[in-house]
1. Hey, what do the phi angles of the stretch B:320-337 turn into as Karplus ³J(HN,Hα) couplings, whole Hz, using 6.51/-1.76/1.60 and θ = phi - 60°, x for Gly and Pro?
2. Report the extension gain between B:S334 and B:D268 in nm, rounded to one decimal, defined as 0.36 nm multiplied by the number of residues separating them, less their alpha carbon distance.
3. Would you list, by chain and number, the lysines whose Cα falls below 22 Å from the Cα of A:K32, excluding same-chain residues fewer than 8 positions away?
4. Just checking the output field for B:42-49: average partner chain Cβ neighbours within 10 Å of each residue's Cβ?
5. Test of understanding: ordering A:L100, B:L191 by Cβ neighbours within 10 Å, fewest first, what list do you get?
6. I want to check the label-to-label distance for B:R108 and A:A110. Put each point 7 Å from Cα in the C-beta direction and report it in nm to one decimal.
7. Skipping prolines and chain starts, which residues have an amide H placed within reach, meaning under 5 Å, of the one on B:E204, given they are 5 or more residues away or on another chain?
8. Once you keep just the Cα pairs under 8 angstrom separated by 6 or more residues, what percentage relative contact order results for chain B?
Amino acid sequence: VISVYCYAILGEEGDQASKYLSALELFSSAEKLRVEGVWVRQFHLRPGLASPFVFLSWLAARTTRLRLGTGVVTLPLENPVRVAEDAAVLDALSGGRLELGVANGGGAPALAEVFRGGPLADRKAAYLDGLAQLTAALEGQPVGGGFLNPPAPGLSGRIWEATLSEQSGYEKGLPAARVLPGGEGSGDQPALRDPVPDHGVDPRPAGLPLRDAAHGANRAVLPQLHAPRGSPGTVRPRRPPRPRLTPPRTASHRVPIGVALDPSGV
Amino acid sequence: MSEPTGAASPGLTSDEGARREGDASRAPVGERMGRLRIAIHSDLREHGDQATVYREMLSLFVHAESLGFDSGWVRSYHFRRPGQGFSFPGGLPSPFIFLGAVASRTSRLRLGTSVVPLPLENVVRVAEDAAVLDALSGGRFELGVSNGGQPHVAAALGVPLDKSVAAQLSRLSALVSTLDGSPLGDTKQELNPPAPGLSSRIWESALTSQTGRDSAARGNGVLIGSTQTVPAEVTALAYHSALPHGVAPRVGLVVNIHVAASRGVALDELEEDIETVYAWGRDWLPLASTLEEKAAAINVHYGTPSDITVSIGSFPAFPYVTELQFAMAYGTRSYERRLAAVEAIASSIAPALGWSR
């Protein structure tokens, strides 16, 4: 099954408010055109969208069916429990339409200083710890002498992870149920290859951007293709993609959620 | 409750006295205040399915705008804690996300956080959420913050809880400079999207005359809650007396209301909530023994719309208020009752208190 999504970087200079609002109007219209969902990227302290959850909550209130994706939230720069709360509130307001994409990363040490109060000694460890906290909170494990509120049933099964290298893709692909490459290939990234050894978790949707359409993505709908691995629908990008997004290893991910494959079936 | 000390606030009309006698029908707001504003206020701390709670409150906010309400404010509250009495039913941990949805469905209503506890948050992330919300709402956001936060929440969020005055001053100063576009840390980068004017729309939660004075000196507004360690009018008067010349006062007061056929019926419906809240704050709330006294101690106004008008109009802090923030947190449970209550506010209670659309 092939689904069409929109993807917006919103990274241009210029009046940010009107850029956001025109993208939101476009996305609202996209739902009427049977587009399945949208993904928006997070950027800090530069042209772009600092708060994807706030942006998507605006869209949630204007739409009824559109899947709402963060592609992606840079987890090491965030408080993972606060991400869980923001995600849970958006999921509740949207009737369970959130697709929660997260990434390692964080850019310059100065950004970590601003957002986390100091450099991240081991960014990968920080990322994995954050992902574990996020997942645990979403799955209703105890936090703060109680539990995440609102509850977010099923949302941990809608986490997507970005991967930037073949190795991390392989690691995260182990339990993977789906992949969502997106964004800009730098040319020195390894070519897209199947990161998943034979663990018997097919089918696994893959989201591949039509890279050349990505320029000015807030002005143009950027289709993404979701297809099971190895199916005739799989599209290989012309340039190496990044990031790749795969869910973390939890039991719930072994069940194909189906939202990316067939949103109408959920 | 003690009367406010010091000189009477300049510009208050002689009708203040009338209000204190309970004659709300003769109570236009003092000239200095400018137009009285009204808001809907919710902590969304409800039993039941939280998604339904959020969506119903969203509808109520949209309806409030159509009735002429000036603003809508939501509180932030973290984690659901079974067996914690007053704290039990959950709430809204992410006010910016909820208000993003309200922004989408409204065009005029001002949108406020009441409040974001700064010690629990990264100030720059708060500024980002605020700036995006302000951009999406066409500049309608009002940023309420506090020096609050409970230890168990801070522990869960992995943040050191420092509520010293110095730490809060540092956070407030960082918030203002971030919103004003100063380069952040060593990044040489600034907040995006820009948030022009938003730093002049900061409100601080104020519990004492000292915090009232300090907020005024910073030119910020104050938000006075329904449960206070000192009488609300003491805080409000301190705010007015310390406000720099030329700065328009912004005093928001939360008033809990419960509309019913009579005061007796209302009290019956309120009893459980009043007892629960009073028990929660027994150590520092004004001494009260009867249900009526306890209702007064937590600022609940109840009965017919006319009863409620008189009750709010005679509330000692009312003359100092620029924005009445109506909450229906106690007693009023169903969506239909809340809808009827906001209609009563807009059609009779608020106009009798001096509000006009």
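1. Working through the residues one at a time gives 9, 8, 9, 9, 8, 10, 7, 10, 10, 7, 10, x, 7, 9, 7, 4, 5, 5 Hz.
2. Numbers: separation 66, 0.36 × 66 = 23.76 nm, distance 1.59 nm.
Fully extending the segment from B:S334 to B:D268 adds 22.2 nm.
3. A:K32 reaches A:K19.
4. On the way: counts 0, 0, 3, 1, 0, 0, 0, 3.
The shielding value for this peptide is 1.
5. Numbers: A:L100 30, B:L191 23.
The most exposed by this proxy come first: B:L191, A:L100.
6. With each label point 7 Å from Cα toward Cβ, the separation is 4.5 nm.
7. Sorted by chain and number, the residues that satisfy this are B:V145, B:G221, B:V222, B:L223.
8. Numbers: 686 pairs, mean separation 74.1, N = 357.
Contact order relative to length: 21 percent.
Each reported figure results from applying straightforward, stated rules to the coordinates on display, with no laboratory input. All values reported here derive from a predicted model rather than from experimental measurement. Reconstructed Cβ throughout: ideal geometry from the backbone, glycine too, with neighbour counts over all protein chains shown.
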